[in-house]
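The values are calculated or read from the model by the stated rules, or taken from the named source; none is laboratory data. Owing to the predicted nature of the structure, the values given are computational and were not obtained by experimental measurement. Here Cβ is always computed from backbone atoms with ideal geometry, including for glycine, and neighbour counts include all displayed protein chains. These accessible areas exclude ligands, DNA and RNA; they are computed on the full protein's heavy atoms, side chains included. Shrake-Rupley method; radii C 1.70, N 1.55, O 1.52, S 1.80 Å.
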Amino acid sequence: LLLISSPFSLSVQADGSQGTYSYGLYGTPGLIDMPTAQSADDAELAATVAHFAGTTRTTLSFQISPRLSGSFRYSKIDQFLSGEGSLFDRSFDLQYRLIDEGTIKPSVAIGLRDFIGTGVYSSEYIVASKEIVPALTLTTGIGWGRLGSSDGFTNPLGVIGERFEDRPGGFTGTGGQLESARWFRGDAALFGGVKWQATDELSFLAEYSSDAYLPERTPERDLFERASPLNFGLSYALPNGTALQAHYLYGSEFGAGVTFALNPKSPAVHGSAAQRPTPIEPQDRQDIRQFEWTLQPDAPDILRNNLEQSLEAEGITLEAATIAAASATVLVRNDTYSAGAELVGRTARIMARLLPASVQDFTIVPVVTGIRAAAIRIARSDLEELEFAEDNTSLSFARAQIDSAASVGTQAVYVDDLYPSFAWNLGPYVSATYFDPDSPLRADIGLELSASYTFAPGLSLAGNLRKRIGGNVGEGRESNSVIQRVRSDAPLYAAQGDPALTRLTLEYDTNLGGDFYGRLSFGYLESMYGGVSAEALWKPVESALGLGVEVNYAKQRDFEQMFGFLDYDVVTGHASAYYAFENNYHAQLDVGRYLAGDFGATIALDREFDNGWRVGAFATFTDVSFEDFGEGSFDKGLRFSVPLEFFVGTPSKRVQRSAIRPLTRDGGARLEIEGRLYETVRGFHANDLEGNWGRFWR
């Protein structure tokens, strides 16, 4: 690998063009059954469903960075378990592009298939791809494991050590472990293929496969006859990001697949249907009459009322304001916009339009659940100067001051009749579970009533009541956990909780002073647990680092999810560290005690986009052994945050958040508490505001 990559490692482009690509049966950029060295477009998210010869693979792939891609696969293989029917298998892949394609040199990639799983598809490879003439790309590679099972030869890595010549075998029934002892060991084999891009939509593919499909072709399974190592196929791309594939495989089988792809960096709807903000009118600051308004006793009240009405028209709630001769401070609540910068920009322009010319310094304090998240100070003269400037985004951000709001606005006059307040909503809900051992998807649908009563800033009572109409989440497999059942009884909660009070909490959020924030929650914290939760967070507004601590007393609720409890209770809590990297990657580390009483840590890494998308992965390791944890070995999964605004184009704060676990077990389980502090305040801190500051002028 060093010999291959070193001559080019300093000269390649991280986002170098890799030509056209298509998705194969494994749901990754490839030929048909074999990989290529090509990568998808940076940040592309693709879901593929493919079937042939009794095997169905559902794969979710994400281009994590321009060079690195990751995939999660859920497969069903008929007749694989002798006497027990089909195997439902979960596996993860990684591929890293070492070298970009150049005029002469090919692109080169290294990959791992099923490196965390049962080992059914366990294989490794090094592959090279090169466009020989326009629209014609050749691929060749060497594979190990399954990709070294057809016409294999002695492992060339044996020159490093004899240990590479033998590959540990067997089927890892529980899965979930890093089987690094197998990587690049045992016999190797060559594979290759060609792709012809006939049109922008249609491509033809042919390959020589090095996978002998030995597990599927044992006498007791005999899923298909492998009469030839050659495969042929075509792929047709539709305009909406969908691609259809059809294949003739191994001289005996037909296969088909479909891929749905989108890119979080490219909105589904271009532009915005939001009301265009009113342009700023420059004020004559030399006019000696500009201070005359200060002589009118009720002027601040009139100005405050005007601000309240104009902000409300743009989906912003004015909580409080202080208006002086030369400065003004407003506390505002975001009811509409997904980007914090858009709230700040629209508020600043309304202030510039309505406030007298003498008011030159604006301080905007976004308030989230009663917490003053930050104080953004903007000079009126900067707004007037930069509104139509060529580089107004970067210049306006550089001139804005973002500070702690712990002591800002404490004396502001609140709007009349704002507190107490009551809000409610009735609408449909969908609750889904994924990839359990018997079914790829279970879901319940029904109606949910949500209501909240806010007594004062930061103090509120909120709850959710659900009534199921139909579904099958409650039909999941009965738990066989050997440790305390803190999550694996979820099917019992789904089956017996109808109707279900999924949450009812009294919560207080506040600024503790300086860069510190606090939260205290009491009641039915989530569908399975009630109790008390206390949290403190240190997060300077201009720092990439945040530190927090959370302590909880939790008691398990009964399965009907009304007011009763079971016997189990636990004290649980974590110390957390958050860090926002400059390249839009975000890391989180939680260390502490989990619901089953186990101790350990959770590490998570997300790639975040300025439009609100987040795609990430997490893994938890505790003192529960892999054997006691059970199938899956440890808690891990993928998580997504998808803003509604991405698809509809109209301003919306609604975000759909979901986590996909290969399996839900009891080790490494944590309380699901709404409104944790870091996510509450971070949207108005410097790192997040800078990322979406382009919306300041929107």
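Condition first: among the polar types (S, T, N, Q) and under 26 Å from the mean Cα position of the chain (by Cα). Now tell me which residues in region 443-471 satisfy that.
Let us first name the residues in region 443-471 that are among the polar types (S, T, N, Q), namely 450, 452, 454, 460, 464.
Within region 443-471, SER450, ASN464 meet the criteria.
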Condition first: more than 22 Å from ASP598 (Cα to Cα) and crowded, with 20+ Cβ neighbours inside 10 Å. Now tell me which residues in region 664-679 satisfy that.
LEU677
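Please work out which residue is nearest to GLY548 (Cα to Cα), limiting yourself to region 485-511 and to residues that are among the polar types (S, T, N, Q) and surrounded by fewer than 19 Cβ atoms within 10 Å (Cβ to Cβ). Reasoning before the result, please.
Of region 485-511, the ones among the polar types (S, T, N, Q) are 488, 496, 502, 505, 510-511.
In the following step, the residues that additionally are surrounded by fewer than 19 Cβ atoms within 10 Å (Cβ to Cβ) were identified as 496, 510.
Working: GLN496: 36, THR510: 15 Å.
Going through the qualifying residues, I end up with THR510.
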Within region 373-410, residues open to solvent by 50 Å² or more (accessible area, probe 1.4 Å), more than 28 Å from TYR678 (Cβ to Cβ) and not in a helix (DSSP H, G or I) come out as PHE388, GLU390, ASP391
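When you check ARG593 against the structure, is it more than 28 Å from ARG698 (Cα to Cα), in contact with a strand residue (DSSP E or B) (Cβ under 7 Å, 6 or more places away or on another chain) and free of Cβ contacts under 8 Å to residues at least 24 places away in the same chain, yes or no?
Numbers: more than 28 Å from ARG698 (Cα to Cα): yes; in contact with a strand residue (DSSP E or B) (Cβ under 7 Å, 6 or more places away or on another chain): yes; free of Cβ contacts under 8 Å to residues at least 24 places away in the same chain: yes.
Yes.
If only one of THR118, THR103, THR139 is under 26 Å from the mean Cα position of the chain (by Cα) and of a type in the set (Val, Ile, Thr), which one is it? It would help to see each step written out before you state the result.
Details: THR103 fails: under 26 Å from the mean Cα position of the chain (by Cα); THR139 fails: under 26 Å from the mean Cα position of the chain (by Cα).
Answer to the selection: THR118.
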Go over the candidates TYR125, TYR121 one by one and state the one that is within 30 Å of ASP436 (Cα to Cα), touching a helix residue (DSSP H, G or I) at 6+ places or on another chain (Cβ under 7 Å) and assigned to a strand (DSSP E or B).
TYR125
Unmet requirement for THR199, which otherwise passes all of (1) assigned to a loop (DSSP other than H, G, I, E, B); (2) crowded, with 20+ Cβ neighbours inside 10 Å:
(2)
Over 27 Å from TYR524 (Cα atoms), open to solvent by 10 Å² or more (accessible area, probe 1.4 Å), modelled with pLDDT of 85 or more and not in a helix (DSSP H, G or I): does that describe ALA617?
yes
Inspect all residues belonging to region 483-499 and state whether any of them is free of Cβ contacts under 8 Å to residues at least 60 places away in the same chain, within 28 Å of the chain's Cα centre (by Cα) and either over 30 Å from GLU690 (Cα atoms) or part of a strand (DSSP E or B) (or both).
yes
Does region 565-575 contain at least one residue that is open to solvent by 20 Å² or more (accessible area, probe 1.4 Å), in contact (Cβ under 8 Å) with a residue 60 or more places away in the chain and over 14 Å from the mean Cα position of the chain (by Cα)?
yes
Kindly provide the set of residues from region 327-372 that are under 27 Å from ASP515 (Cα atoms), of a type in the set (S, T, N, Q) and open to solvent by less than 10 Å² (accessible area, probe 1.4 Å), ordered by number.
THR347
Scan of region 515-564 for residues that are crowded, with 18+ Cβ neighbours inside 10 Å and hydroxyl-bearing (Ser, Thr, Tyr), ordered by number:
TYR517, SER521, TYR524, SER527, TYR529, SER533
Looking at (1) more than 19 Å from the chain's Cα centre (by Cα); (2) surrounded by fewer than 22 Cβ atoms within 10 Å (Cβ to Cβ); (3) within 24 Å of LEU545 (Cα to Cα), which is the one condition that is false for TRP693?
(2)
